[in-house]
Amino acid sequence: MRSIDLGFIQSTLAARGFPLALLVSALMPLATATLLGRIFCGWICGVGLTVDLTRRLNNKRRQRVIKSAGRSIDGRGRGGASKLEGLALIGFFLGISFLLGYPAFCLVCPVGILYRNVLLASTQGAVGLDILAMPVLVVVEIYASKSWCGRLCPVGKTLSLVSVWSLFKPRVDASSCVKCGDCAQACHVNIDPVMAGTAQLADCTKCLECRNVCPKGSITMES
């Protein structure tokens, strides 16, 4: 995962040099996110499956959340605070990487942990203790719903910075939308497509869940 942009920047700071060999592989997800948004998060990231299964198990708990007009589905505003949280999180891991001389997020990244242990299990028939982080992720998703992909993942937040210019975003047909809130309930990064502006839609992972659950077919993916 060091080839993704956050990993590239971490490696640069940790090595206190410029890893030219990783530059091309770092630019690829950056270019993809610029054109297609956080499609990596919605369709490629291995943690997405874990989070999706957790959300389904946690569906009854989430349905108890009050839906209020003009607010996101969890009652929090979707304004600049989310972006500041993301920038602070990215800055924290980059600073730690520089101080430790090692890409710090790699130690706790669920994607890396999952893939490392799959490889370890297939080659050596064992897993590392870091696999225990996966149940922790599940607990976080249950008791702080929509937290990892929406607020805590610095890789996703890094991609969101350039996803503002992505070609495709969810668009809501106001003439047919009944403001039922199903789309916001389904979104695993806590976006309400009906209320969200351009900055909030940069977090969209293009998973299409909002479109699929809309009872009126009011949501399409458009440029």
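Values quoted throughout were computed directly from the atomic coordinates according to the rules given, and no laboratory measurement underlies them. Computed from a predicted model, the values in this text were never measured in an experiment. All Cβ positions, even for glycine, are placed from backbone atoms using ideal geometry, and neighbour counts span all protein chains on display.
Can you put Leu20, Leu13 in order, fewest other beta carbons within 10 Å first?
Least to most surrounded, the residues fall as Leu20, Leu13.
Provide the gained length on full extension for the span Met134 to Arg171, in nm with one decimal, where the gain is 0.36 nm per separating residue minus the Cα-Cα distance.
My answer for the length gained is 9.9 nm.
If the chain between Leu30 and Leu107 were fully stretched, how many nm would it gain, using 0.36 nm times the residue separation less the Cα-Cα distance? Could you put the intermediate results ahead of the total?
Values: separation 77, 0.36 × 77 = 27.72 nm, distance 2.24 nm.
Gain on extension, Leu30 to Leu107, equals 25.5 nm.
Say the cut-off is 25 Å between C-alpha atoms; which of Lys83/Lys216; Lys169/Lys216; Lys83/Lys169 go over it?
Values: Lys83/Lys216 31 Å; Lys169/Lys216 18 Å; Lys83/Lys169 18 Å.
Where the Cα-Cα span goes over 25 Å, the pairs concerned are Lys83/Lys216.
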